[in-house]
Amino acid sequence: MSGNTYPPSAEFKKNAHVDQAKYDAMYAASVNDPEAFWKEQMTRLEWSKTPTKIKNTSFDYHNVSIKWFEDGELNVSVNCIDRHLATRGDQTAIIWESDDPNVDQHITYNELSEKVNKFANVLKGLGVGKGDRVVLYLPMIPEAAYAMLACTRIGAIHSIVFAGFSPEALAARVSGCDAKLIITADEAPRGGRNTPLKKNVDKAREHCGDVACLVVERTGADVGMSKHDHGYTALLNEASSECAPEPMNAEDELFILYTSGSTGAPKGVVHTTGGYLLYAALTHEVTFDYHDGDIYWCTADVGWVTGHSYIVYGPLANGATTLMFEGVPTYPDAGRFWAVCEKHKVNQFYTAPTALRALMGQGNSWVEKYDLSDLKVLGTVGEPINPEAWNWYNDVVGKGNCPIVDTWWQTETGGHMMTPLPGAHATKPGAAMKPFFGVQPVVLDPTAGTEIAETECEGVLCIADSWPGQMRTVYGDHERFVKTYFSDYKGYYFAGDGCRRDADGDYWITGRVDDVINVSGHRMGTAEVESALVAHAKVAEAAVVGYPHDIKGQGIYCYVTLMEGEEYTDELKTELRNWVRQEIGPIASPDLIQWAPGLPKTRSGKIMRRILRKIAENDYGALGDTSTLADPSVVDELIDNRMNK
Ligand code: WTA
């Protein structure tokens, strides 16, 4: 690949955990003898029963089964808290930066221990036990981390629902895992506005029934408590600060996290205890070159996998200081990220390209106002980063001194799969570069399904063997797990992304090859938006595709056909936009709605999305063969419509 490369400085390399030679040796060891490699790595965790079996995994379509450390026992909260207390009880575990720039909090490991033990006893008091599911619907407040860890202490399985999801989406997730308890807050302040979380829970319960609810008093608003509701503070104050940790098998379920796919409703990705935690901890230390005493900040929300692995579990397992931010990048102004970096002397900063693009547009002065000299490593995640944003991050934020780790991974993978390591690799703007230890990427020919042997190539990205952080199943539907990830390309894990391998053997992620789109770094199934649209009484049919969007990466483009006799008006477009927000949440808000009196279909009735994507992209020259359409004139009509917008 032509273009500039950015090697780490000599000084950075000298202090890094992993340099080029060490990466090469460790990577080779990890794929040549995974058993030996992970047996050595597993000593990073504290096990109450040391595993004797390391890897027992099969990607065989007929028998997909993934087990790591299967006879080992451990407890996640012990690994994230108790084992640090003797050496770092007074060290800050969590820095909480509130939405209000004048409010923050430092929580030490001792304090974290007390809160989590008490919280665990509160859960027990509410009848929650090992194996029960608990839904968290919370703002980015320390109690979110306490709640996660309290679940792990007693062996309950958490399922976090991003606080931006609507009551309808929340209800589906509560029912989906048959949750025993919902933990929420009265309200969620973000960007100076309060989202009524508890009210949303009340609305959700109209659909999913009267599940008990624990309410954290974040703003103190009067939210009306029913007999199914419990106030957090009062219960916590009464609770004992000692709760014995439940010993968990390495393969016991740790959490469920719903994520979008090509088809159907979101699926519950299941992660288990031992492999996930080990993988999150190792990747956190190595990818960010985290050293004792560093201040680390990941700007994600705990409602997404990035928040699970890289705000809570990875950093706390490593005894790190992790920053949790309640607000948004542009409140009270576009300098907020950099103000927080300066205020808390942040060393590693991890965010999404969409945030960088939005901030880049506000001008450099917002960054230059602040002292960012503590920054050492910068990271990105969630979507491909365009070279312009990468260069801005490198030059303006990092002042050319901070390696950028562009980490490619997924909810399903638990942790980083491909990324440059900051002390080992000369980075390239937009490249995810190298596989992490134990990860065996292959590029397949999309039609033949065979591995492409040439170094320089482009195709479908698959993984040839298991790694400890891999999801184990889809909650309650193992068949769907097998079908989604192991049936298109037999013998491999199919990630759903395309990629390019350059002449140096470095990887570039080219984006999804399925019907998933990436909107502001949030993963969205076009099928979900379609089913929300057709649930509206006036809509007969809808087809949704992604299109390039300067800030969001991809925008949501909807083609809508109305029921016979309905009028195509601008008011109805607004109504449909609001409707989708209500059905799913603001993150699914359509960017563009195009009326489509007819949709391009094959004679067998299949919508030809390829054509719809091209029209949405304003790329009419490349529509390809339209002769198989039942009614080719539909395409001209859509193009006319598009041009007249
Ligand atoms: C995309 C987020 C390019 C990709 C951790 C993947 C990326 C999906 C990158 C997973 C990256 C994530 N470069 N694309 N560095 N990181 N993606 O499950 O399409 O929310 O399949 O996990 O995001 O999204 P998810």
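The values are calculated or read from the model by the stated rules, or taken from the named source; none is laboratory data. Here the structure is a predicted model, which is why all the values come from computation and not from measurement. Ideal geometry is used to build each Cβ from the backbone, glycine not excepted, and the neighbour counts take in all protein chains shown. Heavy atoms of the whole protein, side chains included, go into the accessibility calculation; ligands, DNA and RNA do not. Shrake-Rupley method; radii C 1.70, N 1.55, O 1.52, S 1.80 Å.
Worth pointing out:
- The residues K399, K118, sorted by heavy-atom accessible surface at 1.4 Å with ligands and nucleic acids left out, run K399, K118 from largest to smallest.
- Bins of 10 Å, starting at 0 and running to the largest distance - Cα pair percent for region 42-150: 12, 30, 31, 19, 6, 0
- Using the 1.4 Å probe convention, the accessible area of region 336-449 works out to 28 Å² per residue with neighbouring protein chains retained.
- DSSP bridge pairs, the chain: antiparallel proportion in percent, nearest 5: 60 percent
- Overall size of region 1-97 from C-alpha positions, given as principal axis extents largest first: 47, 46, 27 Å.
- The dipole here belongs to the chain: it is taken about the Cα centre, uses +1 on the Cβ of Lys and Arg and -1 on the Cβ of Asp and Glu, and is about 420 debye.
- Proportion of all alpha-carbon pairs of the chain beyond 35 Å (%): 40 percent
- Prolate/oblate/rounded label for region 9-64 (Cα gyration tensor, a/c 1.5): oblate
- Using a cut-off of 27 Å between Cα atoms, the listed pairs K13/K428; K434/K614; K115/K180 include K434/K614 as exceeding that distance.
- Relative contact order [Cα under 8 Å, 6+ residues apart], region 271-329, whole percent: 38 percent
- Sulfur and carbon atoms: percent of accessible area, the chain [1.4 Å]: 47 percent
- Within the shell defined by Cβ-Cβ distances under 13 Å, the residues around L123 carry a net charge of +4, with Lys and Arg each +1 and Asp and Glu each -1.
- Percentage relative contact order, the chain, counting C-alpha pairs under 8 Å, at least six apart: 13 percent
- For region 343-411: rounded, prolate or oblate by the Cα gyration tensor [a/c cutoff 1.5]: oblate
- Mean separation of Cα contacts under 8 Å (6+ apart) over length of region 517-601, as relative contact order %: 30 percent
- Taking only Cα atoms of region 522-637, radius of gyration then Dmax in Å: 14.0, 39
- Taking every DSSP helix (H) stretch of at least 4 residues in the chain, weighting each as -39,500 (n - 2.57) and dividing the sum by the residue count yields a mean residue ellipticity at 222 nm of -8500 deg cm²/dmol.
- Cα gyration tensor shape for region 330-447, rounded if a/c is under 1.5, else prolate or oblate: prolate
- Rolling a 1.4 Å probe across the protein heavy atoms gives region 471-567 an accessible surface of 38 Å² per residue.
- Shown is the FRET efficiency for N641 and T330, computed with R0 = 35 Å from the Cβ-Cβ distance and rounded to the nearest 0.05: 0.55.
- If you take all other residues with their beta carbon under 9 Å from the beta carbon of T455, and give Lys and Arg +1 and Asp and Glu -1, the sum is -3.
- The fraction of all Cα pairs in region 258-362 landing in successive 10 Å bins from 0 to the largest distance is 13, 40, 31, 14, 1, given as whole percents.
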